[in-house]
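Throughout, read-outs are computed from the coordinates displayed, never taken from laboratory work. What you are looking at is a predicted structure, and each value in this text was computed from that prediction instead of being measured. Counting neighbours? That spans all protein chains shown, and the Cβs are built from the backbone with ideal geometry, glycine included.
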Amino acid sequence: MIIVRYGEIGIKGGKRREFERKLRDNILAALRRKGIEGKARIVRGRILVEAPDEAAEIIAKVPGVVSVSPAREMLYEEVPAYLKEALKGHSPESFKVETQRLDKTFLKTSVEVNREIGAFIVENFGWKVRLKNPELVVGIEIISGRAYVFFEKIRGVGGLPVGTQGKVVVLLSGGIDSPVAAFLMLKRGAEITALHFDQGLNARSVVEKTVDILNDYSPKDIELIVENHFEVLKPYVSVLSRLGLQEWTCVLCKVAMLRRAAEIAREEKALGIVTGDSLGQVASQTLANLYFETMSVRFPIHRPLLGMDKEEIVAIAKRIGTYQAFLEYPYCDCPFRPDRVVTSGKVEQFQRILDVLEREGVI
């Protein structure tokens, strides 16, 4: 038996039951994708999953899950006998018993259970009780008249169940930032479609590997759409060359990708586009250039990393596993990149470029 805990879902008022059911279904879907058939039921603010202990690590990656614990279910009266056997393999210098009584009809309080079971362990094993930073925590949860005993609590990703907030299209490269942006949207309950603009070499295979990693956080396989980066950008570059404004290439490259993403988003019935933009990180992500890029695309653009610095983003990438894929990403030297890039251009000049693009049927 695996105890699944959730947090934010529990305060959703009228939506709570819907979110709980979605989380339960997502957990079972995640297990099936790994070849595990489980059963799950929602009980008093918990989801109890009948599955092998190793399924706990899979469940911990399901957005909406705060923590999980492989546990053993029994009558409360059976707890001492179970612990007498289960604790034989342990030899901590200190321990504590931590009880949560979710079933308030159970006659003993959490404090009484802690004292009773703690005294039993001291008597039988002689271990020292330490309430702060003990080496071993014996967890007990009382749910619907039954005791669930466990010795570990695996941290989950938290957030909301995927599929409760609609769909978005994520601009996904093989870099560090955009996979983290995709993960954060999954964590907030959005279903994602990944859109990659391929620059050749080994880039596509690395992006496919990144999607496989992100799939661990999605109840179903993430759709990956691949476009030819150079074919999408070529008509924009041609116009800039004739205007003698090649320094705008990086901004117009982003515009080209966002406009294509908007077309796909409408086809997918998605509610927004997601990018890995972090304010000021590169030329196309200065505040002025983000303004130009946004004003040229009539579709919602979400930037979950906007206020993060690189260290914060890298830390998340390492934690979720996408950083390792990034290390395999080949260096793609864009043939269109100019010697000088605009970082704070004039609105009038940008509007002139848009007017020409529109007149020539590029946008």
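Name the residues whose placed amide hydrogens come within less than 5 Å of the amide hydrogen of residue 197, ignoring near sequence neighbours (fewer than 5 apart) on the same chain.
Sorted by chain and number, the residues that satisfy this are 172, 227.
What list of ³J(HN,Hα) values in whole Hz, one per residue of region 276-291 in order, does the Karplus curve 6.51 cos²θ - 1.76 cosθ + 1.60 (θ = phi - 60°) give from phi, with Gly and Pro shown as x?
Result, ordered by residue: x, 4, 10, 3, x, 5, 9, 4, 6, 10, 5, 4, 5, 5, 4, 5 Hz.
List, in order, the whole-Hz ³J(HN,Hα) value for each residue of region 192-197 obtained from phi through the Karplus relation with A = 6.51, B = -1.76, C = 1.60 and θ = phi - 60°; use x for Gly and Pro.
10, 10, 8, 10, 10, 9
Can you give me the long-range amide H partners of residue 301? Hydrogens built in the peptide plane at 1.01 Å from N, cutoff under 5 Å, separation of 5 or more residues or another chain.
Excluding prolines and chain starts, which carry no amide H, the hits are 273.
Calculate how steeply helix 177-187 sits against the longest principal axis of the alpha-carbon atoms of the chain, using the helix alpha-carbon long axis, and give the answer as 0 to 90 degrees to the nearest 10.
With rounding to tens, the tilt is 50 degrees.
Can you give the extra length, in nm with one decimal, that the chain gains between residue 37 and residue 282 once fully stretched, where that is 0.36 nm per residue apart less the Cα-Cα distance? Don't jump to the answer; show the numbers that get you there.
Working: separation 245, 0.36 × 245 = 88.20 nm, distance 4.60 nm.
The span from residue 37 to residue 282 would gain 83.6 nm if fully extended.
Could you go through region 260-273 in sequence order and give the Karplus-derived ³J(HN,Hα) for each residue, using 6.51 cos²θ - 1.76 cosθ + 1.60 with θ = phi - 60°, rounded to whole Hz, and x for Gly and Pro?
Result, rounded to whole Hz: 5, 4, 5, 4, 5, 4, 5, 5, 7, 6, 7, 9, x, 10.
With an 8 Å Cα cut-off and a minimum separation of 6 or more residues, compute the relative contact order for the chain in percent.
Numbers: 673 pairs, mean separation 57.3, N = 363.
Averaging sequence separation for qualifying contacts and normalising by length gives 16 percent for the chain.
Could you work out how far helix 229-243 tilts from the main Cα principal axis of the chain, as a 0 to 90 degree angle to the nearest 10?
With rounding to tens, the tilt is 40 degrees.
Helix 16-33 sits at what angle to the longest principal axis of the chain, using alpha carbons and giving 0 to 90 degrees rounded to 10?
Once rounded, the angle reads 80 degrees.
In percent, how large is the relative contact order of region 2-155, given Cα pairs closer than 8 Å and 6 or more residues apart?
It comes to 26 percent, rounded to a whole number.
Hey, fewest Cβ within 10 Å first, where do 36, 142, 2 land in order? Could the numbers behind the result be given before it?
Values: 36 16, 142 21, 2 27.
Sorted ascending by nearby Cβ count, the order is 36, 142, 2.
If we count other beta carbons within 10 Å of each Cβ, what is the order of 339, 53, fewest first? Show your work: numbers first, answer last.
On the way: 339 6, 53 14.
Listing 339, 53 from fewest to most nearby Cβ atoms yields 339, 53.
Hey, which of these cross-link pairs are over 24 Å Cα-Cα: 61/318; 132/153; 234/318; 39/88?
Check vs 24 Å cut-off fails for 234/318; 39/88.
Can you figure out the FRET efficiency of residue 132 with residue 154, using R₀ = 30 Å and their beta-carbon distance, to the nearest 0.05? Kindly include the intermediate steps, with their values, before the conclusion.
On the way: r = 21 Å, r/R0 = 0.72.
Computed FRET efficiency for residue 132 and residue 154 comes out at 0.90.
Residues with amide H under 5 Å of residue 159's amide H, sequence separation 5 or more or different chain, H placed in the peptide plane at 1.01 Å from N; which?
8, 64
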